[in-house]
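Beneath this line is the structure, given in structure tokens, with notes to follow.
Since every read-out is calculated from the coordinates, none of them should be taken as a lab result. Keep in mind it's a predicted model, so treat the numbers as computed, not measured. Using ideal geometry, Cβ is built from the backbone for each residue, glycine included, and neighbour counts are taken over all protein chains shown.
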Amino acid sequence: MRKKKTSGFKYPKLLVILLTFFVAYLVFQGRNYEPFYNFLISLGYFGAFISGILYVYGFTTTTAAALLLILAKSQQNLLYMGFIAGFGGLLGDLFIFKFIRNVLDDEIKELSREKVIKKINKKIPYSIKRYIIIILGGLIIASPLPDEIGVSMLASMTNLSTRNFSIISYLLN
């Protein structure tokens, strides 16, 4: 039995997420946040942790990368800074992972019933598709691309535990 839709949109939660990315892009586009940069530099390694969290979100990736480069000049141990920023990235990825698994689960299931998705699922065997998702999702998380895409791919794998995802995410960050 299908759930009655409360709005005119088929995927309202996914639409809200896309709208927040658009709004954030408009807010951060072409702005200079020097006081914010100076504040994070004054935080030292905690600033690296915060920058790691910001790095995983599409609309703050470039800001976080710039902050990490600025912080690299002022920190003595870059390896330690990288480990701390990686933990920040893990925390950001876990938030996305849990959000997709818990809040967007109903819309992901609904999306999987679409004709295009059904055709793709029929053409690619599960064993191959599983490896493609892991490799592609991992490459996206490890790259400067927004982690939301890669994390969404990995969160769609129902047999991937939070613990295993955390290990993968930390190593890739």
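For segment 52-66, putting each phi into the Karplus relation 6.51 cos²θ - 1.76 cosθ + 1.60 with θ = phi - 60° gives couplings of x, 4, 5, 5, 7, 8, x, 7, 10, 4, 5, 4, 5, 4, 5 Hz, in residue order, rounded to whole numbers and with x for Gly and Pro. Taking the square roots of 5 times each eigenvalue of the Cα gyration tensor of segment 44-113, largest first, gives ellipsoid semi-axes of 31, 11, 7 Å. Computed over segment 40-107, relative contact order equals 40 percent, with contacts defined as Cα pairs under 8 Å that lie 6+ residues apart. Residues in segment 130-138 carry Karplus couplings, in order, of 4, 5, 4, 5, 5, 5, 5, x, x Hz; the curve used is 6.51 cos²θ - 1.76 cosθ + 1.60 with θ = phi - 60°, and Gly or Pro positions show x.
For Glu107, neighbours were defined as the other residues whose beta-carbon sits under 10 Å from its Cβ, and their charges (Lys and Arg +1, Asp and Glu -1) total 0.
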